[in-house]
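Beneath this line is the structure, given in C-alpha cells, with notes to follow.
The values are calculated or read from the model by the stated rules, or taken from the named source; none is laboratory data. Values in this document were obtained by computation on a predicted structure and should not be read as measured data. Neighbour counts run over all protein chains shown; Cβ positions are idealised from the backbone, glycine included. Remember, those area values only see protein heavy atoms, side chains included, never the ligands or the DNA or RNA. Shrake-Rupley method; radii C 1.70, N 1.55, O 1.52, S 1.80 Å.
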Amino acid sequence: MMKRWLWRGLLAFIALTLIAMVAVIATVYHFSGNLPDNRALEAYVPPITTRVHAGNGDLIAEYSVENRVFVPIEEIPPLVKNTFLAAEDNNFYQHRGVDFRGLVRAAITNLRNVGTGRRLVGGSTITQQVAKNFSLTGEVSYKRKIKEAILAFRIERALSKDRILELYLNEIYLGAGAYGVAAAGMRYFNKSLDELSPGEIAYLAGLPKAPSTYHPVRARQEAEERRNIVLQRMVEEGLIAQATMDSERQKPLLAPGLDKAGQKPAPWFAEQVRRELVTRFGDKRLYEGGLSVRTTMDPRLQSVAQAALRRGLEVYDRRHGYRGPVAQIDLKSDWQAALAAVPHPDPGQDTRLAVVREAGQELVQIAFADGSQGAISFQQMEWAGNFHESYRRVQKPKRPSDIVAPGDVVLVRQTDADGNLLAAGTYSLTQAPAADGALIAVDPFTGRMLAMVGGYNAERSEFNRAVQAQRQPGSVFKPFVYLTALENGYTPASIIQDAPFVMRDPTVLGSGWKPGNFTDGKFYGPSPLRLGIELSRNLMTVRLANAVGMDKIVDTAKRFDVAENMAPVLAMALGSGEATLLKLTTAYAMIVNGGKRLHPSFIDRIQNRFGKTEYRHDVRPCDNCDGQSATLDAVPLPRWEPEQVYDPVPIYQMVTMLQGVIDRGTAARARIAGAPLAGKTGTSNDSKDTWFIGFSSDLAVGIFVGFDQPKTLGPNETGGRVAAPIFGDFMKQALQFYPANPFRAPEGVRLVQISRKTGKLPQGGETDLVMEAFRPGTEPGAEPINVDAGGGDSPSVATERANAARKKMGGLY
C-alpha cells in the first residue's frame, strides 16, 4: 500500500512539474511575442542629445527628446560604476538577469516594514531596469514584470555584462530631464564624470528609484539623507575611506547646474544652427542622433556683441523719454501678489520689477515681490522725461514725482547707464526699448560668423532681425554704386555734380522723382567721388548711377549677392530695395578680402555619434594636412583659392573711401583713435531703418536698428547717430581679440596725395589732403579728371579707361 501511494505521489509530482513547465513555456511564449529578439538587442543604440558647441568648445545649446550624453563603459570612472552597483545591484556580475536571492531578501524586508511607513524595497536587477527602459511601458502590473524578467534573460544572453551596465548608466532617468549619469552630472553639478566628488556620485547613484523624491532643491533634506545612505554603502564595499564619507556628509548638497538649465548664451545663434541642422538632417537625427556640432561662434565676441547692442538700443530709447510704468497696482491690497503677477517686459536679463512705495524730493522708495526694498536716486532717473515732438527733445524732469507715483510698477537694475554697479539697495530706473536691432560679426576671409545677435532680448521676441528681417538698406548700398563706377573708368578724384536732379516719367502725372541730400538738403556743386561717399550725398550717387548705368550696378549687386531680383531703376541706387543684415555684412566682408567670393557659415563641423565627420565648412585644399609629414617647424596650411568676383584695384579704392567715412564723414561716432576702420552709414526714408556696416582688416561687422513694424525712429535719428556708436562700442572691445592692421593694397595701385575737396594735386597752403589710390596712368595731373553724364560705357582695359576719362570733361550735370 505504501509503495502504491509513493508511486501515485511521484506520478502526481511529475504531472504537476510537467504542467508547471508547460505553463511556464506557454507564459513565456505568450508574453514574449512582441519583445525584441537578440539581434535587435545587439543593435540597439539609445537616443542621444545633439550638442552644439562654440568655436572654443563651450556648450551653447542641446537638442533632444531625452537629454542624454552617451559615454562608453571604458570611459566611465570606476568609482561611478561601482557606486551604482553598490546602490542598485550588488550581485550584478553573478546573476543571469533576475536575482532570486535579491527578490527573497526584498520580500522579507518589505514584510518587516509593513506598517512602518517606509518605502517598499525593489528587487529588480540592473538588467531588469535596462529591460524596462528598453521597450516596456511604465505600468505597474504582473504582466509587465513577467515581460521584464523574460527580456532580462534575453538581454543577458545577447549582451555582455559590461555592455548591459553601459546601457544602464546611459539610459537610466535621473531627474531634472537628465538621462544617464553623464547628462545628470552636467545638469545637477555642471561637471563631467571625472570631476564629480564622492558625495556627488553618491547622490546620483541614489536617484534611480525615485528621482523626484530626492530633488536637491525642493527636497534637500531627503536628498542629503539618501546621499548619506549611499556613502555608507560605498564604505561597506571598500570604495571610499571612512574619513572621506565623514567629510562628504558634512558638505551641503548644492546643484549649481540647475540654475543654468535651459539657458542659452547665444539664443539667436543657436536657433540659426538648429534650423540648418533640421534642413540638413531632419528632426529625428537632430533630436535623437547625438550629433556633435562645432559652430563658428567666438564666445568673447558674442558676449561683447550682445552687450553693445543692448546698450545702443537703450541709449537710443532714452533719447525719446520715458513711456510710463509697466503697470499700476493698488498698494492697499496684496501688492506682493499683484506685483508677482505682472509680466516681465525684459525677462532673463539683469532687470527686476519693483513697485513705487513713495516718491520723495530726491529718492524713490521701491519694493519687490519678495518683500525686499530699495531706492532710486533722482540722478538715476532724471533721463526719464517726456518727449515733445514740437521741441524734438525730452523735457527734463525736476523731481521724482514728475516721473513716477506710488503704485507704479517700474523696471530697475542695480547698475547705472554705463554699467557701473550701484551701492547695495540702490537701483536705476530703466525700460525695455521699443525699437529693436541686430548685430553680426564675420571673418572676411573664411565667412565664419563669429557673433550674431538677433534682437534686444530673445525671450521677448525670437524673431531674428539679422537673418529674417528684409529692410531697406538706404545708403549702405551706395558703395556698390561707386564700385561699379570705379570699375568702369572713374577714379576717387572724378568730379560729380552735386545739384538738383529730376527723373520724369511720361506715364505718370506730376513733377517726377526729385531725390535730395538727406542731411541738409543743400547742393555743393562739383565734388570728387570720395566726398560723395564720405558725406553720403544722394544727388551725386543718383547722377553717378545714371551715368554708369543701373544694369551694371545690378550686376555688381548680384556678384556680391546683396539683393535678388533687383530692379534696374535709379531709386535702387539709394538703397530703396530690401536686404538682410546677413547679406549686406557678407557683401562688405567681400570688400575687405579684396573681392573674393564668400560663403557665410555658422557651422564649422558636424560629427555623428561615433565621431565621424559628416560635414565640414572648410573644404580648402591642404597639402600634407593628413599629419604624416607635418612637423612643429612646418605646420601645413590650407590654400585659400576662392573665386575672384571683383577687380581688387577698385575694391581697394573703395576701402580707402569708406575709411574716410569714419575718419571725416557721416560715421565719426564710430571712430577709434589709432585703429584703421572703414564703413558706411545707412538711413532709409523717414528714418525707419538705420544701419552701419563697417570693418577692420580682419573683421566685418553689421548693425541694424529699427522698429519691427516699420515707423520713424524720430527726427535726426540716422545710421550715423543710432547704429554707428554701437559699432564703435563693439569694436573697442573686439579689437582686443582681433587687432586692426592697415588695409592691404593689391598690385597695380599708385598712391598720390591730392586735395580732398577738389580732386586736384595740392596747391600751396592746402591742408585738407588725402592719399588717394589710383591705377597707374589715371592719377590726376594739374587738372582733375571729370566725367560727363554720358559716361557709363568706358572700356574695361585700364589704359583705355584712363584715356577715355581724360577726354570727358565737364562733370555730371
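Remarks
- In the set (1) of a type in the set (A, V, I, L, M, F, W, C); (2) farther than 30 Å from L450 by Cα; (3) open to solvent by 30 Å² or more (accessible area, probe 1.4 Å), L258 fails one condition alone, (2).
- Qualifying residue in segment 546-569 (condition: buried (at least 20 other Cβ atoms within 10 Å of the Cβ) and either over 22 Å from Q472 (Cβ atoms) or basic (K, R) (or both)): yes
- Single residue of P265, P208 found to be farther than 30 Å from V453 by Cβ and part of a loop (DSSP other than H, G, I, E, B): P208
- Any chance V293 is more than 27 Å from D89 (Cβ to Cβ), within 30 Å of the chain's Cα centre (by Cα) and open to solvent by 40 Å² or more (accessible area, probe 1.4 Å): no
- Considered as a group, the residues in segment 238-252 that are under 22 Å from K81 (Cβ atoms) and aliphatic (A, V, I, L, M) include one that is least open to solvent (accessible area, probe 1.4 Å), and that residue is M245.
- Residue pairs meeting the criteria (Cβ under 8 Å; at least 6 apart or on separate chains; first open to solvent by 10 Å² or more (accessible area, probe 1.4 Å), in segment 725-736; second of a type in the set (S, T, N, Q)): L735/S696
- Test result for V235, open to solvent by less than 50 Å² (accessible area, probe 1.4 Å) and either touching a Leu at 6+ places or on another chain (Cβ under 9 Å) or closer than 18 Å to M452 by Cβ (or both): no
- Within segment 452-461, none of the residues are closer than 24 Å to M657 by Cβ and β-branched (V, I, T).
- Subset of segment 288-317 [more than 14 Å from P433 (Cα to Cα), out of contact with any Asp or Glu (no Cβ under 9 Å at 6 or more places or on another chain) and in a helix (DSSP H, G or I)]: R300, L301, Q302, S303, A305, Q306
- Qualifying residue in segment 270-284 (condition: open to solvent by less than 60 Å² (accessible area, probe 1.4 Å), in contact with a Lys or Arg (Cβ under 7 Å, 6 or more places away or on another chain) and part of a helix (DSSP H, G or I)): yes
- Considering segment 667-699, the residues that are assigned to a helix (DSSP H, G or I) and at negative phi include one that is surrounded by the most Cβ atoms within 10 Å (Cβ to Cβ), namely A670.
- The residue pairs whose first member lies in segment 74-89 and is over 13 Å from G180 (Cβ atoms), whose second member is open to solvent by 50 Å² or more (accessible area, probe 1.4 Å) and part of a helix (DSSP H, G or I), and whose beta carbons are closer than 9 Å, counting only pairs six or more residues apart or on different chains, are E74/D162; P77/D194; T83/R233; A86/R233; A86/E236; A87/I229; A87/R233.
- Test for E766: is it surrounded by fewer than 20 Cβ atoms within 10 Å (Cβ to Cβ) and not hydrophobic (A, V, I, L, M, F, W, C): yes
Every residue, every condition in (1) outside any helix (DSSP H, G or I); (2) in contact with a strand residue (DSSP E or B) (Cβ under 6 Å, 6 or more places away or on another chain); (3) modelled with pLDDT under 75, yes or no:
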{"site": "N110", "(1), (2), (3)": "no, no, yes"}
{"site": "T137", "(1), (2), (3)": "yes, no, yes"}
{"site": "K145", "(1), (2), (3)": "no, no, yes"}
{"site": "I155", "(1), (2), (3)": "no, no, no"}
{"site": "E166", "(1), (2), (3)": "no, no, no"}
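- Complete set of residues in segment 571-591 that are open to solvent by 20 Å² or more (accessible area, probe 1.4 Å) and of a type in the set (A, V, I, L, M, F, W, C): A571, M572, L574, L582
- Evaluated against (1) modelled with pLDDT under 95; (2) surrounded by fewer than 17 Cβ atoms within 10 Å (Cβ to Cβ); (3) closer than 30 Å to G720 by Cβ, S303 falls short on exactly one condition, (1).
- Which listed residue, of G516, G611, G521, is at pLDDT below 95, open to solvent by 20 Å² or more (accessible area, probe 1.4 Å) and either among the charged types (D, E, K, R) or within 30 Å of A54 (Cα to Cα) (or both): G611
- From the list Q431, Q472, Q468, the lone residue that is in contact with a strand residue (DSSP E or B) (Cβ under 6 Å, 6 or more places away or on another chain), closer than 30 Å to K558 by Cβ and not hydrophobic (A, V, I, L, M, F, W, C) is Q472.
- Some residue of segment 316-329 being within 14 Å of I603 (Cα to Cα) and among the acidic types (D, E): no
- Unmet criterion (only one of (1) at pLDDT below 85; (2) acidic (D, E); (3) touching a Gly at 6+ places or on another chain (Cβ under 9 Å)) for E200: (1)
- Criterion applied to V467, V476 was being within 29 Å of the chain's Cα centre (by Cα), within 30 Å of T541 (Cβ to Cβ), of a type outside the set (K, R) and open to solvent by less than 10 Å² (accessible area, probe 1.4 Å), and the one residue passing it is V476.
- Test: residue in segment 433-444 that is surrounded by fewer than 24 Cβ atoms within 10 Å (Cβ to Cβ), modelled with pLDDT under 95 and under 19 Å from the mean Cα position of the chain (by Cα): no
- Flag: A458 does not match the condition of being of a type in the set (A, V, I, L, M, F, W, C) and either within 18 Å of I693 (Cβ to Cβ) or in a helix (DSSP H, G or I) (or both).
Matching residues to (1) surrounded by 18 or more Cβ atoms within 10 Å (Cβ to Cβ); (2) over 22 Å from G419 (Cα atoms); (3) in contact with a strand residue (DSSP E or B) (Cβ under 6 Å, 6 or more places away or on another chain):
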residue: T351; (1), (2), (3): yes, no, yes
residue: V356; (1), (2), (3): yes, yes, yes
residue: G371; (1), (2), (3): no, yes, no
residue: Q395; (1), (2), (3): no, yes, yes
residue: S401; (1), (2), (3): no, yes, yes
